[in-house]
Amino acid sequence: MLDGSQIHGDRTTFFDKINELELSDDFNKNYSYLRSLLPEKKDFRYDAIALAEADRALKCHFTNFRSVFSERQFKTIFCEEDVSGDYLGETISDITNLLSLEHLEEIKKVYKISPVISVVGIVDDVFLTDSGTYQISEFKTGSMNSGTQSSIRKELIFYAKLLEPHLNETIETMSYHFVSEDKYHVEKIKKRSVKALQDLVYRLVKSTLDSQFKIKYFDRACDNNCQFFRECKVNSFRRY
């Protein structure tokens, strides 16, 4: 079976090849056309991509197929975009948009600084919705479970808050597609989810500034082959 990075790469070039004039209100024709743009290799994930995008094509282009979360544009605004360096002519490195005003004031008051932390990551997709706002999306080749969903929500909100100043618009919805299980989910970004992320980032920033890091249970049994074994504070908690 092909690895996930191969599927991601083929999906990126897939969007580049699409001619939206070839799409119609016939699902089967859309599927056949879109599947032809993907590698001929017999991998069910390519079939699932074509099926999902054929369905999305109907919702994007034809009013009678639209849903409350339909995208206005079928093609992504960008796909597999690296946000670790230059993006839209600017560098995304300031995480202040991930913190509440209260958090920022607290950090400035206690530490006399404004935190700046570099961000490394890749946003899979951003779409323009019917309401004129943006939808951020994650494409997954692995399996879905409750833990994975929770992690993806945090990741998508993290990127959404970083991208909003550059898009000059609010990202109101997020979606994730687990191609291996043919599951496509869309939901609104809730205020409580944003607050949970802000609180998490605040705790991480604060612990970094205080040079205090919580030791996870399994990290207490670190390997004595580690080059930092003798100096590391974790070693004092080591189980024998």
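Bear in mind these aren't lab numbers, they're just calculated from the coordinates by the rules spelled out. The model shown is predicted, which means the values in this text are computed figures rather than measured ones. Cβ: placed from backbone, ideal geometry, glycine included. Neighbour counts: every protein chain shown.
Quick look at the numbers
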| quantity | calculated |
| --- | --- |
| Full-extension gain in nm, Lys195 to Asp130, via 0.36 nm per residue minus C-alpha separation | 20.8 nm |
| Over 26 Å (Cα to Cα) - which of Lys29/Lys183; Lys140/Lys161; Lys29/Lys190; Lys41/Lys183; Lys17/Lys154; Lys41/Lys188 fall in this group | Lys29/Lys190; Lys17/Lys154; Lys41/Lys188 |
| Linear extension gain, Asp16 paired with Leu104, 0.36 nm per residue minus alpha-carbon span | 27.6 nm |
| Residue order, fewest to most surrounding Cβ atoms within 10 angstrom, among His185, His61 | His185, His61 |
